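The values are calculated or read from the model by the stated rules, or taken from the named source; none is laboratory data. Every value quoted in this text rests on a predicted model; they were computed, and no experiment measured them. Note that we place each Cβ from the backbone using ideal geometry, even for glycine, and neighbour counts take in every protein chain shown. These accessible areas exclude ligands, DNA and RNA; they are computed on the full protein's heavy atoms, side chains included. Shrake-Rupley method; radii C 1.70, N 1.55, O 1.52, S 1.80 Å.
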Amino acid sequence: MTPTPKDRALAFLLGEHGLYPAEAEEALAVAAPVLAEALTRLARTADGQNARACADVAHGLKGNLLNLGLAELAQTAEQACAAARQGDLDPARRAAVTLRQALATLLPG
């Protein structure tokens, strides 16, 4: 069975950051609404045709995902960022949906 992004993030926080289990859970509890809001903003800025804001949100999302050890998901955000910088917002729209689905176990209910 493949570990969920939440499982991988917990393992990363425990191993790479040396957090205790309760600290790692607390870090994820803080990160979850931040990620959810970023995904909402990514979709909203893409739908609003605001390429600069969309690129900024995607870049921040990439950083948040890297901080949780979710490099492959951060790559999706980076691709959205790069496309938005070129004025192409469709990848950001798709990334918002893809990332929300991929992060479902991590995001607030």
Could you state the accessible area per residue of the chain in Å², with a 1.4 Å probe and every protein chain left in place?
55 Å²
Sorted peptide list for 26-35, 13-22, criterion being average Cβ within 10 angstrom, highest first:
26-35, 13-22
Using only the alpha carbons, work out the radius of gyration and Dmax of the chain in angstrom.
13.8, 43
Mind ranking 1-11, 77-87 by how tightly packed they are, going by the mean number of other C-beta atoms within 10 angstrom, highest first?
77-87, 1-11
With a 1.4 Å probe and all protein chains left in place, how much of the accessible area of the chain comes from carbon and sulfur atoms, in whole percent?
54 percent
Does region 67-109 come out rounded, prolate or oblate, given a ≥ b ≥ c as the square roots of the eigenvalues of its C-alpha gyration tensor, rounded meaning a/c under 1.5 and, failing that, prolate meaning a/b above b/c?
oblate
